[in-house]
Amino acid sequence: MASSQAAHPSVRLASGYDMPLFSLGTWKAPAGVTGKAVETAIKAGYRNIDTANDYNNEVEIGEALKRCFDEGVVKREELFIQSKLWNSNHRPEHVRPDLEQTLKDLQLDYVDMYMIHWPQAGPSTGKVCATRVNGAIADQDPAVMFPLDKDGYYCVDKESHYIETWQTMEKLVDEGLVKSIGISNFNKTQMEEVVKIARHPVSLLQNECHVYLQQKDLIDLCRFRKVVFQAFSALGSGDTNYASTHSPTGTIPLNDVHIQALAAKYGKTPAQVMLRWAVQRGTSVVSKSVTPERIISNADVFDWELSAQDMLSFDMLNVGWRHLLWGEVSHHPDYPFKDELPHGYVLEKCSNFAPGQGGLQK
């Protein structure tokens, strides 16, 4: 049964705009099916689409959006489109060109939410903005979005700081190119630093969050600061090579025995159970799929509830497992998860260097 637009509630952001709580994610969505996934989601009632230029699929998303507009499926003002400023474009002179490429690819005049993708800056060439046009791959070409040094390590820009980047992004709001601005993959201290200097409010913090990484302190701080928390990889991101360490439970959340039992109890899928838990605890959710049936099914979480006792039972699953650690860039002083690296961690080379592939990191 398809979900309806009315079934997707919204939350008021600190910027004053309303954001639909449930978003279709497009990270790792492959070429040729991403556009169809976006169309399926919009026709099923999704009104929030999450993307980023390093995902290397914004052109396809833009074509899907245009088809939906042209067919009268939805109006532009009824959609909430999220995108992100890539690491290599933190310097003030690269911020606006980064957004301009996204707007061109998405065929839009503005985005509703624009986030700093990660706090740590990677170097552009210093002359041009590095976007998917240059290459959304890891390579030793200094113009690509994931530049590597001659030994295969990620390059970093230690002279750029996210505070200056944020202040430049605020000008995009002044120009009407962006409605609201936010941050992604920031830790508590970093979020506080931005909140304290913000002229336009920090409206959103998007971080990995799922039943194995429940982010309770961070979510509480967001509530205190009136920053909406949005979970990506809300299902644990599946069993992929992006995981830096194995799950301490020996399985991924979708296969967890407790989640499976709750799914059987409620007559729902494991994905629905975890997504319902996420929205019931008051967070926004990004849920990625390119399978039409799953796109529709995943959003069927608003007309039923988990019991108070079952909500509490999720506490025993909070093992602190971060799927996307990306320790390969931990030599940057602004890398956000240093306290999660093992003692004696030795910097790794780029582990998924694959010329010709799409964007690599969330």
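Read-outs throughout are calculated quantities, based only on the coordinates presented, and are distinct from any laboratory measurement. Please read these numbers as outputs of a predicted model, since none were measured by experiment. Neighbour counts run over all protein chains shown; Cβ positions are idealised from the backbone, glycine included.
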Whole-Hz Karplus ³J(HN,Hα) for segment 196-206, in order, using 6.51 cos²θ - 1.76 cosθ + 1.60 and θ = phi - 60°, x for Gly and Pro? 5, 10, 5, 8, 9, x, 6, 8, 8, 10, 9
Please go through the residue pairs 84/268; 36/158; 150/188; 75/171; 150/216 and name each one whose alpha carbons sit more than 30 Å apart in this structure. 84/268; 36/158; 150/188; 150/216
Using the Karplus curve 6.51 cos²θ - 1.76 cosθ + 1.60 with θ = phi - 60°, what ³J(HN,Hα) values do you get for each residue of segment 38-45, in whole Hz, with x for Gly and Pro? 5, 4, 4, 5, 5, 5, 8, x
If you project the alpha carbons of segment 5-340 onto the principal axes, what extent comes out on each, in Å, largest first? 58, 48, 38
Using Cα pairs closer than 8 Å and at least 6 residues apart in sequence, work out the relative contact order for the chain, in percent. 20
Given contacts defined as C-alpha pairs under 8 Å and at least six residues apart, what's the relative contact order of segment 248-288, whole-number percent? 24
Relative contact order, percent, segment 33-164 [alpha-carbon distance under 8 Å, six or more residues apart]: 23
Just for segment 5-340, what percent of DSSP beta bridges are antiparallel, to the closest 5? 15
Name the residue from 194, 304, 168 whose Cα lies farthest towards the positive end of the charge dipole of the chain, charges +1 on Cβ of Lys and Arg and -1 on Cβ of Asp and Glu. 304
Residues whose built amide H sits under 5 Å from the amide H of residue 228, excluding neighbours closer than 5 in sequence, are 14, 204, 205
Whole-Hz ³J(HN,Hα) from phi, Karplus 6.51 cos²θ - 1.76 cosθ + 1.60, for segment 272-289, glycine and proline x: 4, 4, 5, 6, 5, 4, 5, 6, 5, 7, x, 10, 7, 9, 10, 10, 9, 7
Taking N as its residue count, the alpha carbon Rg of segment 200-319 over 2.2 N^0.38 Å: 1.05
Descending packing, highest mean Cβ count within 10 Å first, for 209-222, 314-327, 275-288 is 275-288, 209-222, 314-327
What ranking do 289-302, 63-76 get when scored by the average of other Cβ atoms within 10 Å per residue, highest first? 289-302, 63-76
For the chain, with +1 on Lys and Arg beta carbons and -1 on Asp and Glu, the positive-most of 107, 228, 327 along the dipole: 228
